[in-house]
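A short worksheet on the structure shown next.
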Amino acid sequence: MRAFEFKLRTAASMALAVFFMAFVPFFATAQGPVSFAPLVKELQPAVVNISTTRMAQRQLGFEFPELPDNSPLQDLFERFQEPDFEHQEPLESRSLGSGFVIDGDGTIVTNYHVIEGATEIWASFIDGSRLRARILGVDQKTDIAVLKVESKRRLPNVRLGDSDAADIGDWVMAIGNPFGLGGSISAGIVSARNRDINSGPYDNFIQTDAAINQGNSGGPLFNVDGEVIGINTAIISRTGGSLGIGFSIPINLAKPVISQLIEFGETRRGWLGIGIQDVSEDIALSLGRPNTDGALVLSVNPDGPSFGTLKEGDLILKFDGRVIERMRDLPRFVAETDVGKRVRVEVERRGKVQVFEIELGLLAQENPLDGLEDIPLDPPPEGLSEMLGFEFEDLTSENRETFGLDQDVDGVLIVKSLPQSDAEEKGIRAGHRIVEVNQQPIYSAAELRALLGTAIETGREVILLKIADPVGNRRFVAIRLNK
């Protein structure tokens, strides 16, 4: 009997051991990799720090005394007071961001806002080497820039992955240059997909809780296979530091942009030539639709490829076989499609579904100042600065010099942050620039006052601002109005 019990216990122990041997590795891997160290060693050499050189005007730092007329020292003092800009040396700013090499020939991808306004760009590698970069092309709409460095050796480079295969909960790793601390690693998970943060017409961000800080912009977001699935671009933060919410451009969205910038130096996006809007629940009800899917045609450009085919009031349901779940899907699908391609567009017109073929045109490169005359402007309310928590003014040569801003940057300058305001608590400071208000680009204080006046008149309690700091880092800040 004892022998039988011993054999039974032995058999049970062996079965239990086999179970653990089979399933424990699964449980271990389900928690993530044991260490990111092997990936870091492989990938870190291909990630670079981006720094720029800009011309800055120096001040002498003291004032000369007033001299009486005809003083023999007058000519001497005047010569000293005149700045010698011709022989002024360029000042190199601190490191602004990150980038990554995508081929051995030295092609580098980063964010446009990292190199915006730079007169010289440098890429620094983890081995200490430093190469000057030139711009192959930039795209403001997706905030992507492609650079090129020349090297006598083949450079280490990364592999571009498939961002559509990244699921919520997957492990990811970011390598970059936060706060000028080059070669920093952070890890986390994909915490959301398809995020629209109102930064542009093609927003489709990957959200991650991997620490993304100022200086990570333009750096890569890797999956556990060591493939780039995103370009780290933006954060939501009250102070400029990580709150565990960072955003990356999906690499599948970036790939065609990168290819076009390399080949043409600019983007060549498809164009339907229509104006569209969301389908609200009331509109869906009026159309007898079971949901709010699709994009409603508001207007058709008489010079566009859709003229004579699509009509105002058409509800676009599919584009080139892809379902339009939200209005903002359509501009992205069109932009990703080759110019000149004939695509099938499925629409619902007066209750009937019809399919048309349209040959896509070329979307013209837009001037950032275009369209401002169409903004509905209401008169600004009294006490606007107190409501916002800061004072602002137009950019001038004088205040650009005061805050060390380049002559080619735009926006509206914040000159004072009011104590104990929501703006101050959220890290808005003098020297920052407002470049957007509620998704509208801003180029003057008058436009800012008018747009804010319109928002306040419509009952908004919170204003969404896009803020740029003196070195070009950008973030979104929601300001609660003090009424």
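Since every read-out is calculated from the coordinates, none of them should be taken as a lab result. Keep in mind it's a predicted model, so treat the numbers as computed, not measured. Don't worry about glycine lacking a Cβ; one is built from the backbone with ideal geometry, like all the others, and counts go over all protein chains shown.
Over all directions, how big on average is the projection of the convex hull of the alpha-carbon atoms in the stretch 272-325, in square nanometres? Show your work: numbers first, answer last.
On the way: hull surface 14.7 nm².
Result: 3.7 nm².
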Sorting Ile245, Leu285, Trp271 by the position of each Cα along the dipole of the stretch 238-322 (Lys, Arg +1; Asp, Glu -1; all at Cβ), the one nearest the positive end of that ordering is Ile245
For 254-267, 206-219, 109-122, ranked highest to lowest by mean beta-carbon neighbours within 10 Å, the order is 206-219, 109-122, 254-267
Non-local residues with an amide H under 5 Å from the amide H of Gly361, with H modelled 1.01 Å from N and Pro and chain starts lacking one, are Trp271, Gly340
If R0 = 35 Å, then Asn194 and Lys311, at their Cβ-Cβ distance, give a FRET efficiency to the nearest 0.05 of 0.75
Surpassing 30 Å at the alpha-carbon level, of the pairs Lys148/Lys426; Lys318/Lys466; Lys152/Lys255; Lys255/Lys426, are Lys148/Lys426; Lys318/Lys466; Lys255/Lys426
In debye to the nearest 20, the charge dipole size for the stretch 288-364, taken about the Cα centre with +1 at each Lys and Arg Cβ and -1 at each Asp and Glu Cβ, equals 240
For the stretch 103-189, whose charge dipole is built from +1 on Lys and Arg Cβ atoms and -1 on Asp and Glu Cβ atoms, the candidate among Val109, Gly188, Ser151 with its Cα farthest towards the positive end is Ser151
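Go through 302-313, 328-339, 40-51 and give me the packing order, highest mean Cβ count within 10 Å leading.
Working: 302-313: 14.8, 328-339: 18.8, 40-51: 21.4.
Sorting 302-313, 328-339, 40-51 by mean packing, highest first, produces 40-51, 328-339, 302-313.
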